[in-house]
Amino acid sequence: MIVIPNLQKMNPLKFIQMKKTIGFLLFFLCVSVTSYAQVISGKVTDTEGTPLVGASVVIKGQNKGTITDFDGLYKLKAKKGDKLIFSYLGYETKEIKIFNKKTIQVTLETKGMGLDEVVIVGYGSVKKRDLTGAVAKVSPEEISKTATTNFDQALAGRISGVNITSLDGTPGEAVNIVIRGGNSITGDNSPLYVIDGVPLEDFDPGSISTNDIETFDILKDASATAIYGSRAANGVILINTKSGRSDGKTDVRINVSNSYQWIPNRLEVLSPYEYVKYQQQIAYALDGYSPGDRTKFFAQDWVDPELYRNVAGTSWQDEIFRLAKTNKYNASISGGDKTSSLYFSTEYIDQEGTLLNTGYKKFVNNLKFSRKISSKTEFKGNLMYTHLNRSGMRVSGDKYTSVIRDAIQFRPVEPINDDGLELGGYDPADINQRFLFNPIKNLENTDRQSKFDVVRGGVSLRHKFKPNFYINLSGNYQIDTRKESLFFGKDTQSGTRGTDHINGSITQRRNQTISSSNTITYKKHLGKSDLTFLGGMEMQARSYEYTYLKNSEIPTDLFGIDNLGLGTSPSIPQTSISKNTLLSYFTRLNYSLKDKYLVTFTYRADGSSKFNEENRWGYFPSFSTAWKLSEEKFIKNITAISFAKVRAGWGVTGNNRVRDYQAYNQLNINTGSGYAWGTGQNYVPGAYQSNLGVPDLTWESTAQTNVGLDFGLFHQKIEATVDYYNKQTSDLLLNAEMAPHTGFDRVQQNVGKIENKGFEFSVTSQNINRKKFQWTTSFNIAFNRNKTLALNRGQEAIYTDPEWSNGYAENQYITKIGEPVGMMYGLQYERIYQWEDFNWDNNLQTYTLKEGIPDNGALPVAPGSVMFKDIDGNGTINNEDRVIIGNPHPKHFGGLSNNFKIGNFDLSILFQWSYGFDILNANKAVFNVPGAGSQNGFKGLTNIWTPTNTNTDVNAVSYLSVFGTAPKGNLIDDRYVEDGSYLRLNSISLGYKIPKKITNALHLKKARVYVTGQNLYTWTGYSGYNPDVSVGRYGALTPSLDYSAYPQSVTVMTGLDITF
Amino acid sequence: MKNQVFTLFGITTILLFLGSCTKDTFTENSNDSLYKAPSELSYSEILNAREFSFIKSGTPIVNTNNLIPTYEIVGGRNGTGEVLDASYLQDVSIENPIEITANLDPENYYVNAAGDSVKTYTATNYQTAGVITIANENKFGIGDYYFDVKVSTQHKEDTYSSTFNNVFHLNVGPQLVTNLLFSPIAQNLVVGTGNTSSTPYLITGNTAVTFDLLSDTDKLSIDKQTGVISLLDGYSTAENDTLYPTVQVTSTISQETTTFQGDSFLMLVASNSPIDLPKKTNYFFYPTLEAENKTFGYAIDMVEQGSTTAWVQANPSPLAAQERPEGIESKSIWINVTVGDRLAHESDVIINTQDLTQFSLGFDLSAVFHIKNQYVEYMPDGRTPTELEVYYSADYTGNNTTATWTKINNQVTSQINSLTTTPFVGLPYPGDQKIGGGDPDGQKDATKNADNKWTRCELDLNPYKDIQNFTLKFKVKSNYTGSLNDISTAARPGRYYISDVHFKASEE
């Protein structure tokens, strides 16, 4: 009897080695047993016509079969009436009955989904059906179809439980990826990236080409991530890049695309007519509704609002936005044979930003090669060089200058009679308007280049002592240099009106990582059990160097950043260096009984130089188990259920993302720490303690429990996964407030506790699967609930000012025990004060607040002033009346994708949503509040309170000499918190595969033309540019803040993808 | 299959088209559909009006979508619902917006689209539109009153109107005693003789009051009904004991209280034998001028701002300190016309209205104030570019433009930088009095050079003792139009200071 090995489990290379032997044996058996059988032959290919090497061909019901050779050819003897089963890993199995034909050509379709898909887990891989942890997989092909420049921009909505949000629309900017809720409060919540097996901190998603991605897997729960120990608490993203072919053939692939981006919406501002009416209202208000100078100035400059009713006006947003083009070129060569392989790709992307003078360039070169030194030993290497350049002034995050603000506030029309103000309506002589400047000039004359060069290389050696016992040794090196130059020419706000005038600065950061990862793997089949043991050791050393220099008062901007020495007011240059090392040991044990009961145990010990010797080592265990219910008889009888598996796991992971040397006392010297000393009172530098070392500083640790169910229905036409998790992060690495007597405001400590628990569901359905029409639908949804369980000792809450503008310095966020992290915090708007709130004193001819009506803090109130709820009932509005006014955490988020194949056409449509979260729309706090100046603003300014327009929630400019705006410190209230819920048509990709007869004529293997749209339409009630925004300065403490953010663009791309 | 492909392309095109829509930057212009009948008329209620006296409401607010409203009183009723007849309503009036036409500055004349030179502009003054005024000596006694007001607006040919019933609530209380007068102010109580103070006069206010003593209760007692103060039985003193009692007067109708204290109100000297006491002065109005507010004694009416730094607080006149009563804090206020473009300026400082009738008997009445001019340099023709004038009105009720003002510069007597020199009639001419380019006004007098010096001025109020509504006003105005720069760069508009404005009643 011949036993056909489980071919799907085996490496194709192994198939090739075995094929001759097996084929030979089968041939003899077939000849001897079925003397009347006929020889059937043919070729097995994929849908592209590529031969499938090592595909299994067996006769149904018999232990007879063969595998295909290098050309996909097979030959075996079978009787008429026999059924041949053709199968291949990752492809649909096909069954064909033999009639009279002696040649049977078979095309196998790729499996859209399948339990036999291989999922990459840390330091190894496992079939999806055998997973015990929560692991998600993304199709790199789907990502590469999108009109994005970096892969992370295409992930939103594709993975359940992974919340992907943008900071804003800055070209090339990395997105926020938070897996199963944020664990850290003041630390980093981004996942660990593992690229080709190398864990990389501070990984820039721009540094690889989307087209180079072979596999993309996300480890979500602790039982999956614990193998990465102290860096895995935020989840792990595993990316393996493509390698060369091993079948002796060579593919050359060229992908050229061209796209256009534009900003689809505008923040609605007053039209020329409404603006002039508004100016008239301001004039009357400031004159106390008795015509005075302001009314006269209005009359002499603007004359009459009606004159502007049909004036087109200047849309300053249109002036600074543009239709931007992106060119993308990608070429790769993939070749090799069973002993050597080579893969090389190069990619060049040149993206114009949709704001003037901004852009993103990317140049990636990737070389991978392998060589079998012997039948047991294989050597692999890779070398990658990437150059990124993000150019243009930073749109958000500047507390003083903002081109978006200027574009909103610059007036849309100039007066008929010149009023002496600058174009756009600001007074260059007014000290209070120094922050305003022409946004076009600001953009065009600010030269900011953020250049990022990364060289990443690695070598590895894999040696098999026995087929089931092998070691893998690897060494890796990465250096990235990030140089940011910033030059303000004369025609910029800084150059003209700032104190430094023309000035430039260069900041250079150099990160170097050297690491080695070595594992040993042993697999054993014992009766009904399978055992896999993995042991490993990893070392990593990182260093960081920093340089900063600046010069100001440069007499000319002719030379730009290239001759800073011309400046006459240099700043003191700064340099620093820091290093850290990590040594790790880890192990994993996989045990399977009867292919029904699965157990995985992992353990990792990490030692980090960031911590004191006593706390240096952290230990991260995990345990998970799975039970394949579908292998049990009581399920097998239910025909609708084709697969079912329950999983449960627990594990501990860590987070060590604190700056180097935080556990140690540090001394520093700077310009402010010196003394005038000795004879002549010369300046002598003095040292001061810059960090209070907390000796017992250690890992932030997250314990996570996960329970999941994977199931398939109707022969896996429907596959679904449900997960429930509960994460508790303790010993938070919190930049905690200190008692004043220590002399330190904040010190990094291990205090506090955060909880995240949630539910995830994903389902994929193969709705139609015909030869010429296929339709697949995928849906995922996730619910996460975040809660702060503890903070610093004795601390109830952390109050945070997101510092988006100097004029709005107040705590707008709170992280409070019992509530989620980073809640919006402010006053509750009550209404506008009206006369009913006052009594009139006939004697003094003035008014007084009625008893029980609160005042507004530091400034007097009058009808038209804004009134807030007096929460503490003390009769005055102040800091004590602030409450939670918004929740930035979505109730649920997810995605819905549909993929169609109709003949040669393929179509993918992805919808993505986030529901039930709030945005602090700080733009409204600035632009929807009237002022006494000439600045334009939002629609609310058409409805300001006046004594003849009282039914409004927009305060008065001034009434009875009282300004209606709230005093500083009371400027943020719940009127500026908006529901951010949205549903987005994230992407549509339509492709057409050029028919074979054409490609053959052109000597092409295949060719596809496509048109793709990204971020096409967003259904939302949010009034800002886009609800997918978060430009808060302090990460998890200040989420979902929108102020002066770079707007998100719509992208439409066309392209051609050909393979020779 | 073809149909499916076309459908696919169709859907894709529509979706891409959706994505390509760019929202417009500007809000839509508002249109006539906004305008509706006025709504939400609201007055601040008056709870402290005095019976039969002048009443003036605040300016109401109303929702008209910013159309200028006009107002009309259409009825009223008292607290029991009885309709107010004409005898009540004849004293009630309501103000309406006033359209004004004013001149543009010459340098801002412009030619409009029709080719006409435009030199004026029109605007609407509705600062006091809707203010309800009830004349003095009216019929409104103690009680509640409610008024119905009709509001109308007009847009093009359309008129909108609404009537708001009971929209203005007026609560009238009893007249309060505003001046409790003991005559003489200084009185001698001889121990053991049982003599008492005089009975105080209630010159103003409702006489339904009681008296209470809030100070010196260990030495004095007061007759609750008459206000007569006497020494307590058993009081003894070794030497003359001077007392300044604090007396509280309580209305028995409304229980409102008024408190009187200070040496200008009553000085009692307890002695063992009779003594002679000097005559006293009652400084019945001595405002601090610390802010622009009736509470602090004055209001500013900026007629023409020009390029001034207008009316801010400064230190008081040191000259005035010599006669300023103890315990009174005072500030001066000043205006700087010499700033920026030195545009023509005019503004009024209106001092709180005073009832002079309360001192009609037995007192010598006067108003005193200190002024200073500084940095005034004459124009080429020798005239002062700016000057300060003094006015009074007997009918000012809050509206500067409608009141009748009489210039009284020549009724004032002045002493420059001295309290001892002989006063001269009139105010000193601003500046250094040098003839220079000329003296077209004929007012320059080198002996009256008040340049950068404080001048004490006094106005004899005895001719005005019968005025219940006496208002003093200072005006600083330019004698040029446009910018002084166009006339002369050497000329300077200067600064003007006002300090220690007060009214006093001295016992005859």
TODO: Kindly establish whether A:T788 is touching a residue at least 60 places away in the same chain (Cβ under 8 Å), part of a strand (DSSP E or B) and not charged (D, E, K, R).
DONE: yes
Open item on the list: So, in segment B:33-70, how many residues would count as being facing another protein chain (nearest Cβ under 7 Å) and among the small types (G, A, S)?
Closed with: 5
- [ ] Select from segment B:374-400 the residues that are of a type in the set (S, T, N, Q) and either within 11 Å of B:L484 (Cβ to Cβ) or under 13 Å from the mean Cα position of the chain (by Cα) (or both) and list them in ascending order.
- [x] B:T386, B:S393, B:T397, B:N399, B:N400
TODO: Report yes if A:I781 is of a type in the set (A, V, I, L, M), part of a strand (DSSP E or B) and either within 14 Å of chain B (Cβ to nearest Cβ) or out of contact with any strand residue (DSSP E or B) (no Cβ under 7 Å at 6 or more places or on another chain) (or both), otherwise no.
DONE: no
Task: Those residues of segment A:649-677 which are over 28 Å from the mean Cα position of the chain (by Cα) and of a type in the set (G, A, S), in sequence order - done: A:A663, A:G672, A:S673, A:G674, A:A676
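Does segment A:326-347 include one or more residues that are within 14 Å of chain B (Cβ to nearest Cβ) and either closer than 30 Å to A:N923 by Cα or assigned to a helix (DSSP H, G or I) (or both)?
no
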Open item on the list: Looking at A:K850, A:K816 in this structure, which one is surrounded by 17 or more Cβ atoms within 10 Å (Cβ to Cβ) and among the basic types (K, R)?
Closed with: A:K816
- [ ] Spot the failing condition for A:Y915; the list is (1) under 21 Å from the mean Cα position of the chain (by Cα); (2) modelled with pLDDT under 95, and only one is missed.
- [x] (2)
Task: Extreme residue, modelled with the lowest pLDDT, among residues of segment A:487-522 that are in a loop (DSSP other than H, G, I, E, B) and among the small types (G, A, S) - done: A:G498
Task: Residue check for A:Y833: away from chain B (no Cβ under 11 Å), of a type outside the set (A, V, I, L, M) and buried (at least 19 other Cβ atoms within 10 Å of the Cβ) - done: no
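Yes or no, residue by residue, for (1) in contact (Cβ under 8 Å) with a residue 40 or more places away in the chain; (2) buried (at least 24 other Cβ atoms within 10 Å of the Cβ):
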{"site": "A:G991", "(1), (2)": "yes, no"}
{"site": "A:N1000", "(1), (2)": "no, no"}
{"site": "A:K1005", "(1), (2)": "yes, no"}
{"site": "A:V1011", "(1), (2)": "yes, no"}
{"site": "A:T1018", "(1), (2)": "no, no"}
{"site": "A:D1028", "(1), (2)": "yes, yes"}
{"site": "A:R1033", "(1), (2)": "yes, no"}
{"site": "A:D1042", "(1), (2)": "yes, yes"}
Task: Selection count, segment A:422-440, where residues are more than 19 Å from A:W804 (Cα to Cα), away from chain B (no Cβ under 14 Å) and surrounded by fewer than 19 Cβ atoms within 10 Å (Cβ to Cβ) - done: 4
Open item on the list: Quick test for you: out of A:G693, A:G680, pick the one residue that is assigned to a loop (DSSP other than H, G, I, E, B) and not hydroxyl-bearing (S, T, Y).
Closed with: A:G693
Task: Positions within segment A:949-969 being within 12 Å of chain B (Cβ to nearest Cβ) and buried (at least 24 other Cβ atoms within 10 Å of the Cβ), in sequence order - done: A:A956
Open item on the list: So B:G362 ticks every box in (1) closer than 22 Å to B:A299 by Cα; (2) modelled with pLDDT under 95; (3) out of contact with any His (no Cβ under 8 Å at 6 or more places or on another chain) but one. Which box is left unticked?
Closed with: (1)
TODO: Find the strands (runs of 3 or more DSSP E) located wholly in segment A:809-850 whose residues include 3 or more that are more than 51 Å from the chain's Cα centre (by Cα), and list them.
DONE: A:838-841, A:846-849
Open item on the list: Among the listed residues A:D318, A:D287, identify the single one that is surrounded by fewer than 23 Cβ atoms within 10 Å (Cβ to Cβ), acidic (D, E) and more than 18 Å from A:F938 (Cβ to Cβ).
Closed with: A:D287
Task: Residue in segment B:272-281 that is within 19 Å of B:F211 (Cα to Cα) and either modelled with pLDDT of 90 or more or not aliphatic (A, V, I, L, M) (or both) present - done: no
TODO: Please verify whether segment A:263-272 includes one or more residues that are part of a strand (DSSP E or B) and modelled with pLDDT of 95 or more.
DONE: yes
Open item on the list: I need the strands (runs of 3 or more DSSP E) fully contained in segment B:229-340, keeping only those with at least 1 residues that are in contact with a His (Cβ under 9 Å, 6 or more places away or on another chain), outside the structural domain of B:T210 (by TED's automatic domain parsing) and free of Cβ contacts under 8 Å to residues at least 40 places away in the same chain.
Closed with: B:309-314
Task: Identity of the residue in segment B:77-128, hydrophobic (A, V, I, L, M, F, W, C) and within 11 Å of chain A (Cβ to nearest Cβ), that ends up nearest to the chain's Cα centre (by Cα) - done: B:I98
- [ ] Starting from residues that are exposed (fewer than 14 other Cβ atoms within 10 Å of the Cβ) and touching a Leu at 6+ places or on another chain (Cβ under 9 Å), keep the ones in segment B:107-127 and report whichever is modelled with the lowest pLDDT.
- [x] B:A113
Task: Test: residue in segment A:865-873 that is crowded, with 19+ Cβ neighbours inside 10 Å, away from chain B (no Cβ under 14 Å), at pLDDT below 95 and out of contact with any helix residue (DSSP H, G or I) (no Cβ under 6 Å at 6 or more places or on another chain) - done: no
TODO: Answer yes if at least one residue in segment A:399-416 is aromatic (F, W, Y) and modelled with pLDDT under 95, and no otherwise.
DONE: yes
Task: strands (runs of 3 or more DSSP E) fully within segment A:121-169 counting 2 or more residues that are farther than 30 Å from A:Q261 by Cα - done: A:124-127, A:135-138
Task: Condition met for A:N767 (in a loop (DSSP other than H, G, I, E, B), over 18 Å from A:N234 (Cα atoms) and not small (G, A, S)) - done: no
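The values are calculated or read from the model by the stated rules, or taken from the named source; none is laboratory data. No experiment lies behind these values; they were computed from the predicted model shown. FYI the Cβ positions are ideal-geometry reconstructions off the backbone, even for glycines, and counts take in every protein chain you see.
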